[in-house]
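**Student:** First, the structure itself, so that you have it in front of you.
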Amino acid sequence: MARNQSEELTVKGVVVDSVNEANVAKALDRLNIDYAYQYYFGELGTRGSQIIDFLLYTVPKPTPLFVHGEYWHTGSFAIEETIKMEQIKSIMRGTWADPKVIWGDQCETVDDAYVNLQTLLL
């Protein structure tokens, strides 16, 4: 059944930023990994604050997971993304696992996301 163009995809009640994020959420559900979607890191509106696409409640430590599209997360945008990831690693060292990235071409479908998340996380 085709999805109505006006129908919004949601994850845990939040409208998704991309179909890739919806695919990742469905794959995480299939993998039985609990998560927060669009997790606020830092105090919003202050320097250094950011939104983590998914905070996975993995054991022994939670794992930040980013869904990166090639356009927005390469080239000059890549520098800013690297700084954000390093900031998370520095602040949460010992409390969270290092951030992980799944690229857009790795989650074009739920099945792709499922296979690639297994490799990335398990």
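**Student:** If I ask for residues that are more than 25 Å from P60 (Cβ to Cβ) and either of a type in the set (K, R) or assigned to a loop (DSSP other than H, G, I, E, B) (or both), which ones from the range 100-122 would you list?
**Tutor:** Passing the criteria: C107, E108, T109.
**Student:** Of everything in the range 8-41 that's in contact (Cβ under 8 Å) with a residue 24 or more places away in the chain and at positive phi, which residue is surrounded by the fewest Cβ atoms within 10 Å (Cβ to Cβ)?
**Tutor:** The selected residue is K12.
**Student:** Take E80 and decide whether it is of a type in the set (D, E, K, R), assigned to a helix (DSSP H, G or I) and at pLDDT below 95.
**Tutor:** On the way: of a type in the set (D, E, K, R): yes; assigned to a helix (DSSP H, G or I): yes; at pLDDT below 95: yes.
Answer is yes for this residue.
**Student:** Report yes if some residue within the range 57-74 is among the hydroxyl-bearing types (S, T, Y), within 13 Å of E21 (Cβ to Cβ) and under 14 Å from the mean Cα position of the chain (by Cα); otherwise report no.
**Tutor:** Let us first name the residues in the range 57-74 that are among the hydroxyl-bearing types (S, T, Y), namely 57-58, 63, 71, 74.
Narrowing the set further to residues that are within 13 Å of E21 (Cβ to Cβ) leaves none.
No, the range 57-74 contains no residue that is among the hydroxyl-bearing types (S, T, Y), within 13 Å of E21 (Cβ to Cβ) and under 14 Å from the mean Cα position of the chain (by Cα).
**Student:** Would you pick out the residues in the range 60-77 that are modelled with pLDDT of 95 or more, surrounded by fewer than 18 Cβ atoms within 10 Å (Cβ to Cβ) and not basic (K, R)?
**Tutor:** Residue satisfying the conditions is P60 alone.
The values are calculated or read from the model by the stated rules, or taken from the named source; none is laboratory data. Quick caveat: nothing in here was measured; it's all calculated off a predicted structure. In this analysis, Cβ positions are derived from the backbone assuming ideal geometry, glycine residues included, and neighbour counts consider all displayed protein chains.
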